[in-house]
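Below is one structure; the comments refer to it alone.
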Amino acid sequence: MRDEFWKQVNIERTRVAQKVLDEQLGTAYSDLLSHFPAARGKFTDAFAKLSSIEAAVTDSYLGESESAILSLEGMQKNYTTPTLGNALRKAAASHSAELKSSSEAVIAPVREYLFSVISLPDEELVGSIRARKG
């Protein structure tokens, strides 16, 4: 059961990674980066941190889920399916909350930077772009 669970989690993880590639999330801001070089470091750093957070939370989730599964090994006749399901849902919920809060902490400064760029007066924004091209 544990092996099948890990297999399914990794299939979903691969699916999500493919979706990120398909949507080109890593290069979605390339035009902005060419006009605002300070953004490059912010984005690169944020993507690296997000990747690290995702890996750590996933590993922790898999460990907790594996413990839940193994704790019931050999007890198939003494527990009902919801027992395992509830343990896995509890692990998923806590790790989902951790992923969300950790990711938000990384994304907030980048979002703030983007809003500061977006809110620049038009003449300042155009002037910055022209200075980069000139």
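Values in this text are rule-based calculations from the coordinates and carry no lab data. These numbers were taken from a predicted model, which means no experiment stands behind them. Counting neighbours? That spans all protein chains shown, and the Cβs are built from the backbone with ideal geometry, glycine included.
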Practice task
For Glu64, work out the one condition from (1) acidic (Asp, Glu); (2) surrounded by 12 or more Cβ atoms within 10 Å (Cβ to Cβ); (3) over 21 Å from Ile11 (Cα atoms) it doesn't fulfil.
Solution key: (3)
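So how many residues does segment 67-114 have that are within 17 Å of Ser52 (Cβ to Cβ) and either over 16 Å from the mean Cα position of the chain (by Cα) or surrounded by 12 or more Cβ atoms within 10 Å (Cβ to Cβ) (or both)?
First pass over segment 67-114, keeping only residues within 17 Å of Ser52 (Cβ to Cβ): 95, 98-110.
Retained after the next criterion (residues that are either over 16 Å from the mean Cα position of the chain (by Cα) or surrounded by 12 or more Cβ atoms within 10 Å (Cβ to Cβ) (or both)): 95, 98-99, 102-103, 106-107, 109-110.
Summing the residues that are within 17 Å of Ser52 (Cβ to Cβ) and either over 16 Å from the mean Cα position of the chain (by Cα) or surrounded by 12 or more Cβ atoms within 10 Å (Cβ to Cβ) (or both) in segment 67-114 gives 9.
To keep it simple, each residue is scored yes or no on (1) in a helix (DSSP H, G or I); (2) over 25 Å from Ala17 (Cβ atoms).
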| residue | (1), (2) |
| --- | --- |
| Ala46 | yes, no |
| Leu50 | yes, no |
| Thr58 | yes, no |
| Gly74 | no, yes |
| Arg89 | yes, no |
| Glu98 | yes, no |
| Tyr113 | yes, yes |
Exercise for the section: State which residue pairs qualify: first residue more than 12 Å from Thr58 (Cα to Cα) and inside segment 84-106, second residue not in a helix (DSSP H, G or I) in any location, beta carbons under 6 Å apart, and separation of 6 or more residues or different chains. Expected result: Leu84/Leu72
